[in-house]
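Heads up, the thing below is written out as structure tokens.
The values are calculated or read from the model by the stated rules, or taken from the named source; none is laboratory data. Remember, predicted model here, so these are calculated numbers, not experimental data. Cβ: placed from backbone, ideal geometry, glycine included. Neighbour counts: every protein chain shown. Quick note on the areas: whole protein, heavy atoms, side chains included, nothing else; ligands and nucleic acids left out. Shrake-Rupley method; radii C 1.70, N 1.55, O 1.52, S 1.80 Å.
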Amino acid sequence: MKILVRSASLQAFTDEQWRMHQEDGIRIKRKRWVTIHVSDAQGQRLPGASVTVKQISKDFPFGSAIAQTIIGNLPYQKWFTERFNAAVFENELKWYVTERKPGQLNYTLADEMLSFVRANQILARGHNIFWEDPRYTPSWVVNLTSSELRAAVKSRIQSLMSRYSGDFVHWDVSNEMLHWDFYEERLGPNATLQFFVTAQEADPHATLFMNDFNVVETCGDVNSTVDSYVSRLIELKQGGARLEGIGLEGHFSKPNLPLMRAVIDKLATLDIPIWLTEIDISKTIDHKTQAVYLEEVLREGFSHPSVNGIMLWTALHPNGCYQMCLTDNNLNNLPAGDTVDKLLQEWGTGEEEGETDEHGNYSFEGFLGEYDVYVRHGSRSINTTLSVCPSDETRHFNVQL
């Protein structure tokens, strides 16, 4: 099919128009109308019934990296759980941490951090099985022969995924392979494909991701990078890899939102879930501007219909964070932290209350997630819960007093 255009013109969006486009995306993808029908035991609708709904959990995963600094740190744990429903371990699952010497496995830190996320019903991403950057490959691995390396990587996958089967919603199987190729150089061009195949055999229920940087950021030749990413993803899927996730790290300097949206749009054509996995703003930028740029990135990510989760890269250490902190060491918010708190409040449904109309109906528009519902009519009342799930249709919920 050919499409012929006689003339065309381009007109830049204003900031207000771009924001309206984002808000439309959020309303369509992240929210849903709900109608609660209230009736008595005989099925008669009850007008004038008092209805209160309160969101108790959010459907959209929004979280941050954590590090061993959260272990036993109750104030930090409280601060984290009050905000986030998702976490990723910064370094504690990486091979150079869990097996510093061949055959000497140590998962103590990861186990303790996992206990924290389990206790607080926080979902966690597994980061990572392999990191292609040779600087972060265990030193004892670097000089292995090909056959020794092949055995070592198979053992790494099986020990990691059998130990944590079902504990992590995702695994970053091959980290930053667009920029480095340590394993493929040593084991051949199909090394990454074999990682995926072995990983899915070790844990058939794991969701397997690739993860990389400078794809949505503005560093380097972005168009070339995203095209390379698309090519590698297609190549792996055609080779038989059960590739189920695209990770976009997002270590930004000054974000370019139209470019960010165009890149995500292109990746979305693959119909593979996309997560923003390591969002931060360069530490070379002052705190106030960091917060402005962070809000731009988060709004763009949350409003895009193909983005299924957002993770910040803001694990707190005594000497600060990798690039951007949300708080100081006393857990007092920095401007970036204020931005996150503002957006978390905006992207949740506060307590809603009202009365049923003459038909016994009460309607509200809420963000996807779980809700407590309290209904009272005269001397009768009931507490219940409802789930607001993705759909194009109004969610209808019946309550009988």
### Summary
Honestly region 1-104 on the Cα gyration tensor test (a ≥ b ≥ c root eigenvalues; a/c under 1.5 rounded, otherwise a/b vs b/c for prolate or oblate) is just oblate
### Task
With all distinct Cα pairs included, what does the Kirkwood hydrodynamic radius of region 279-388 come out to in Å, to one decimal, could you say?
17.1 Å
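Can you tell me the length gained on complete extension of the stretch CYS389 to ASP338, counting 0.36 nm per residue apart and subtracting the Cα distance? Provide the component values of the computation, followed by the final result.
Working: separation 51, 0.36 × 51 = 18.36 nm, distance 2.85 nm.
Result: 15.5 nm gained on full extension.
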### Sequence of ASP167, ASP24, ASP203 when ordered by accessible area, the most exposed leading, probe 1.4 angstrom
ASP24, ASP167, ASP203
### Query
At a probe size of 1.4 Å, how large is the accessible area of GLU184, to the nearest 10 Å²?
30 Å²
## Note on the structure
When the chain is treated as a Gaussian network with springs between alpha carbons less than 10 Å apart, the largest mean-square fluctuation among TRP180, TRP131, TRP171 is found at TRP180
### Message
Counting other C-beta atoms within 10 Å, and keeping those with at most 13, which DSSP coil GluC sites (Glu not before Pro) do you find in region 321-399?
### Response
GLU351, GLU358, GLU393
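What FRET efficiency, computed as 1/(1 + (r/R0)^6) with R0 = 30 Å and r the Cβ-Cβ distance, is obtained for ASN190 and LEU257, rounded to the nearest 0.05?
Details: r = 37 Å, r/R0 = 1.24.
Between ASN190 and LEU257 the formula returns 0.20.
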### Task
May I ask for the angle, rounded to the nearest 10°, between helix 108-119 and the longest principal axis of the chain, with both axes built from Cα atoms and the value confined to 0 to 90°?
10 degrees
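Filter the cross-link list LYS94/LYS154; LYS58/LYS254; LYS58/LYS94; LYS29/LYS78; LYS58/LYS288; LYS58/LYS78 down to pairs whose alpha-carbon distance in this structure exceeds 22 Å.
Details: LYS94/LYS154 15 Å; LYS58/LYS254 29 Å; LYS58/LYS94 29 Å; LYS29/LYS78 30 Å; LYS58/LYS288 28 Å; LYS58/LYS78 18 Å.
Distance filter (> 22 Å) returns LYS58/LYS254; LYS58/LYS94; LYS29/LYS78; LYS58/LYS288.
Set the Förster distance to 41 Å, then compute FRET efficiency between GLU358 and ALA119 from the Cβ-Cβ distance, nearest 0.05. Present the calculation step by step, with values, prior to reporting the outcome.
Working: r = 47 Å, r/R0 = 1.15.
The pair GLU358/ALA119 has a calculated efficiency of 0.30.
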### Query
What accessible surface, in Å², does a 1.4 Å probe find on LYS254, ignoring ligands, DNA and RNA and rounding to the nearest 10?
130 Å²
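Would you mind getting the Kirkwood hydrodynamic radius of region 223-359 from its Cα pairs, rounded to one decimal in Å? The partial results should precede the final answer.
On the way: mean 1/r = 0.0590 Å⁻¹.
Result for region 223-359 stands at 16.9 Å.
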### Query
Using 20 Å as the cut-off for backbone N distance, which residues of region 339-378 belong to the label zone defined by a point 7 Å from the Cα of HIS396 along Cα→Cβ?
356-366
### Task
Take the alpha carbon atoms of region 319-385, find their center, do the same for region 169-206, and report the distance between the two centers in whole angstrom.
39 Å
### Message
Can you tell me the orientation of helix 15-30 relative to the chain, as the angle in degrees between its alpha-carbon axis and the longest Cα principal axis, to the nearest 10?
### Response
80 degrees
### Query
R0 = 60 Å: FRET efficiency of ASN330 with LEU105, Cβ-based, nearest 0.05?
0.95
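What number results when the radius of gyration of region 74-212, computed over Cα atoms, is divided by 2.2 N^0.38 Å? Before the final figure, lay out each step's value.
Details: Rg = 15.3 Å, N = 139, 2.2 N^0.38 = 14.3 Å.
Here the answer is 1.07, to two decimals.
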#### Entry: Exposure ranking of TRP33, TRP95 by accessible area [1.4 Å probe, largest first]
TRP33, TRP95
### Query
The list [x] 189; [y] 171; [z] 200 gives values of volume of the Cα convex hull per residue in Å³, and only one came from this structure; which label was calculated from it?
[z]
### Message
Take ARG83 and THR269, extend 7 Å from each Cα along the Cα→Cβ direction, and tell me the distance between the two endpoints in nm.
### Response
3.7 nm
